[in-house]
Amino acid sequence: MNYPSIIYCVPALGILGLLVMAIKSSWVNKQEAGESKMQELAGYIAAGALAFLKAEWKILSIFAVIAGILLAYSGTTIEHSSPVIAIAFLIGAVFSATAGYIGMKAATKANVRTAHAAKTSLKQALKVSFTGGSVMGLGVAGLAVLGLGSLFIIFLKLFNVQAVDSQQMRTAIEVLTGFSLGAESIALFARVGGGIYTKAADVGADLVGKVEAGIPEDDVRNPATIADNVGDNVGDVAGMGADLFGSYVATILATMVLGQEIKATDNFSGYSPILLPMIIAGLGIVFSILGTFFVRIADEKSSVQAALNKGNYSSIIFTAIASFFLVRWMMPAQMELRGVTFTSMDVFYAIILGLVVGTLMSMITEYYTAMGKRPVNSIIRQSSTGHATNIIGGLSVGMESTVAPTIVLAAGIYGSYQLAGIYGVAIAAAGMMATTAMQLSIDAFGPIADNAGGIAEMSGLPKEVRERTDNLDAVGNTTAATGKGFAIASAALTSLALFAAFVGIAMPDSQHIDIYKAPVLAGLFVGGMIPFIFSSLCIAAVGRAAMAMVEEVRRQFREIPGIMEYKAKPEYEKCVAISTQASIREMILPGAIALIVPVLVGFTFGPEVLGGLLAGVTVSGVLMGMFQSNAGGAWDNAKKSFEKGVDINGQKYFKGSDPHKASVTGDTVGDPFKDTSGPSMNILIKLMSIVSLVIAPHIAIHSKPLTGMSEVKPGMEIKAPASVSYLTPIKQATETLVRF
């Protein structure tokens, strides 16, 4: 069959993104790296980051091989799958790891060059750091579009797909879900492992260095400072790269799964609802490239945040304009999905709604985490009365920060569904994620600036250099928080679309889940609990690793004479080893929860209870993600506000004051919130949805509808059949797993 020629534009646009990435990477590498001491410190950071990734990849390669074997076998047990799903899974895993590596490599090259550029001007420092961030943004988006588009074309031909509504198309998309499963699996481990690494080092460096020894955050005398800077790269860069790669792929895939159910009469052989999200993603790369040219400032007094916003908003506007013409050209005038009829303009409005929701989520998050705003100022004021009131203030801000985003998110879900049914929700998420390359460029710029400030401090560069890097770093803290808000919003919409796709495959006859049934309600409660135990494991892991780090730093201060007088060199490598070993060890259990729980529940109790579990995980996970990320971001910027001095009740306070020490405690508590457990929530809810989607054909075959709380009529006598046993689902699950 001759497939629509536009399908080949998808991987081509991915290649375009990778080519521009290579050009920008080359430009960054050509910038001057500074004096020998700066390059030596940057070398330590790069070597530590690469050592962590290699250790992580060794563990994850074992997991990938085992999971691939299981998936290959599962592909032989049902009609609408194939052992090829294992290959798709492995490709997704490799691409996800590669996305993280590209980001880490770019960041470790750009950090020292940003520090050197800050000697010249704030303008040049922003240019180098943002260009380094855009290498990661374009690399992640380019890999996602190239991988997904290429595999889709290959699977169409491999399974000889003749029509959109054919069984062969169903098989092709079922196999393609393996790519998303591989991407999200690696993303979760990378995010959790990287988060544990970076926060163990950060907490250890802060508690002993700043609080006990009274030395600056990135002082070269602090044994944990190199591990702290390595953590910025493996957590905030490599972890975020893998994270958004998985989000990008999952969003597009969820829309494709639902698009396959739409019978469209168009000029693309009925493929338009499937191809639309991929084309939007590809064009989003183009508009993100254009948006990067708007990120520039005139002088030292210019607003860095305003420059970044200009680039972000311009790429969003370009995407919105292009979507109008694209939808009018590709989509049929009228469509129908699961009883909901909608038009091509309804689809366009849903895309616009997704872009608006994403923008509003970023703006609200910025308000709650930025310096000078009411929420951060309230934490600063409460720092004047001690550590406890600082903690109370931060928790309060985090909880309050969930209200407005939840209302915006709920309105977006309701509005997009009213416009185009469940396809409207999915395409809204695709519209929101279209400018991922720009969002990630802005997000990655923050850790680069943070590293640059650390290198400037450790190298003893002039005060004005550190002031410029601190300016960039403060904005970077806010952009990191807004990026996490954007990611959790897209995860909520994507998970809802994946949930709908799961129900359509696992429950093709009823296509609805009744929460009035007791087993479903039980699943809902268990699902709501999972983000809490997941967060507990992550935070506890950071605590244990931080304790080991604190003891090691104290030991070096105690046993190595001359460190504080700059006469002896700390043993940086021992702190790096502590973070590496702890993060690799501690990331396994949280990751296992996300992968194993859906399988156990699905095969034991069936798709309806699994649906209840997914609903609970999604709602609870979204709220926990918002709360933790925003509370941590607000605590961080409250602490940073003291560096320039803050006014509390008419008195000025600076670094080293008692209120500042209280703010350091708050920032330390918030570290695992904002960089470990909080940002992992969006991967958790998507990964559990994707695992459920992958096993949906298996549990649909072997499951029976629940009878739970059936309708009871007046006067009806209720009797339980003698053969009924509460152990029956367990027995059925055991038999099913043996066959599986």
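Quick one: would you say Tyr414 is free of Cβ contacts under 8 Å to residues at least 40 places away in the same chain and in a helix (DSSP H, G or I)? Don't jump to the end; show me each part of the working.
Details: free of Cβ contacts under 8 Å to residues at least 40 places away in the same chain: yes; in a helix (DSSP H, G or I): yes.
So Tyr414 passes the test.
Give the number of residues within the stretch 103-128 that are crowded, with 24+ Cβ neighbours inside 10 Å and closer than 24 Å to Leu143 by Cα. Break it down into steps so the answer makes sense when it comes.
Residues of the stretch 103-128 that are crowded, with 24+ Cβ neighbours inside 10 Å, as a first pass: 103-104, 106-108, 110-118, 125-126, 128.
Now drop any that are not closer than 24 Å to Leu143 by Cα, which leaves 103-104, 106-108, 110-111, 128.
Adding up the residues that qualify gives 8.
Could you figure out which of (1) more than 18 Å from Pro672 (Cα to Cα); (2) surrounded by 23 or more Cβ atoms within 10 Å (Cβ to Cβ); (3) at pLDDT 80 or above isn't true of Val237?
Val237 satisfies all of (1) more than 18 Å from Pro672 (Cα to Cα); (2) surrounded by 23 or more Cβ atoms within 10 Å (Cβ to Cβ); (3) at pLDDT 80 or above except (1).
So which of Leu146, Leu156, Leu122 is of a type in the set (A, V, I, L, M) and modelled with pLDDT of 95 or more?
Leu146
Sort through Gly354, Gly393, Gly339 and tell me the only one that's of a type in the set (Gly, Ala, Ser), crowded, with 17+ Cβ neighbours inside 10 Å and farther than 30 Å from Cys9 by Cα.
Numbers: Gly354 fails: farther than 30 Å from Cys9 by Cα; Gly339 fails: crowded, with 17+ Cβ neighbours inside 10 Å.
The conditions single out Gly393.
Within the group Asp470, Asp443, which residue is crowded, with 24+ Cβ neighbours inside 10 Å, acidic (Asp, Glu), on the phi < 0 side of the Ramachandran plot and in contact (Cβ under 8 Å) with a residue 12 or more places away in the chain? Before the answer, list the steps.
Values: Asp470 fails: crowded, with 24+ Cβ neighbours inside 10 Å.
Selected residue: Asp443, the only one of Asp470, Asp443 that is crowded, with 24+ Cβ neighbours inside 10 Å, acidic (Asp, Glu), on the phi < 0 side of the Ramachandran plot and in contact (Cβ under 8 Å) with a residue 12 or more places away in the chain.
Considering only residues that are buried (at least 24 other Cβ atoms within 10 Å of the Cβ), farther than 30 Å from Arg374 by Cα and β-branched (Val, Ile, Thr), which ones fall in the stretch 601-633?
Selection gives Val601, Val609, Val617.
Of the residues Ala594, Ala577, Ala615, only one is more than 24 Å from Ser692 (Cα to Cα), part of a helix (DSSP H, G or I), out of contact with any strand residue (DSSP E or B) (no Cβ under 7 Å at 6 or more places or on another chain) and not polar (S, T, N, Q); which? Walk me through it before giving the result.
Working: Ala594 fails: more than 24 Å from Ser692 (Cα to Cα); Ala615 fails: more than 24 Å from Ser692 (Cα to Cα).
On inspection, the qualifying residue turns out to be Ala577.
Of the conditions (1) without any contact (Cβ under 8 Å) to a residue 60 or more places away in the chain; (2) part of a helix (DSSP H, G or I); (3) over 30 Å from Gln167 (Cβ atoms), Glu56 fails just one. Which one is it?
With respect to (1) without any contact (Cβ under 8 Å) to a residue 60 or more places away in the chain; (2) part of a helix (DSSP H, G or I); (3) over 30 Å from Gln167 (Cβ atoms), Glu56 is out only on (1).
Asn451 fails exactly one of the following numbered conditions: (1) in contact (Cβ under 8 Å) with a residue 24 or more places away in the chain; (2) surrounded by fewer than 24 Cβ atoms within 10 Å (Cβ to Cβ); (3) part of a helix (DSSP H, G or I); (4) more than 18 Å from the chain's Cα centre (by Cα). What is the number of that condition?
(2)
Quick test of your reading of the structure: Leu18 fulfils all but one of (1) over 30 Å from Leu290 (Cα atoms); (2) of a type in the set (A, V, I, L, M); (3) touching a residue at least 12 places away in the same chain (Cβ under 8 Å). Name the failing condition by number.
(1)
Out of all the residues in the stretch 479-533, which are closer than 14 Å to Pro679 by Cα and β-branched (Val, Ile, Thr)? So that I can check it myself, show each step before the final result.
From the stretch 479-533, those closer than 14 Å to Pro679 by Cα are 479-492, 531-532; that's our starting set.
If the condition is that a residue be closer than 14 Å to Pro679 by Cα and β-branched (Val, Ile, Thr), then Thr479, Thr482, Ile488 are the ones that fit.
Matching residues to (1) in contact with a strand residue (DSSP E or B) (Cβ under 7 Å, 6 or more places away or on another chain); (2) touching a residue at least 60 places away in the same chain (Cβ under 8 Å); (3) among the polar types (S, T, N, Q):
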residue	(1), (2), (3)
Ile153	no, yes, no
Phe159	no, yes, no
Ser166	no, no, yes
Ala172	no, no, no
Val175	no, yes, no
Phe179	no, yes, no
Gly182	no, yes, no
Ala190	no, yes, no
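Tally time: how many residues in the stretch 102-117 are in contact with a Gly (Cβ under 7 Å, 6 or more places away or on another chain) and either of a type in the set (Gly, Ala, Ser) or outside any helix (DSSP H, G or I) (or both)?
5
Here's a check for you: in the stretch 66-101, which residue that is outside any helix (DSSP H, G or I), at pLDDT below 90 and not polar (S, T, N, Q) is surrounded by the fewest Cβ atoms within 10 Å (Cβ to Cβ)?
Applying the filter and picking the extreme gives Glu79.
The values are calculated or read from the model by the stated rules, or taken from the named source; none is laboratory data. Just so it is clear, the structure is predicted and the values come from calculations on it, not from any experiment. Virtual Cβ from ideal backbone geometry, glycine too; neighbours counted across all protein chains shown.
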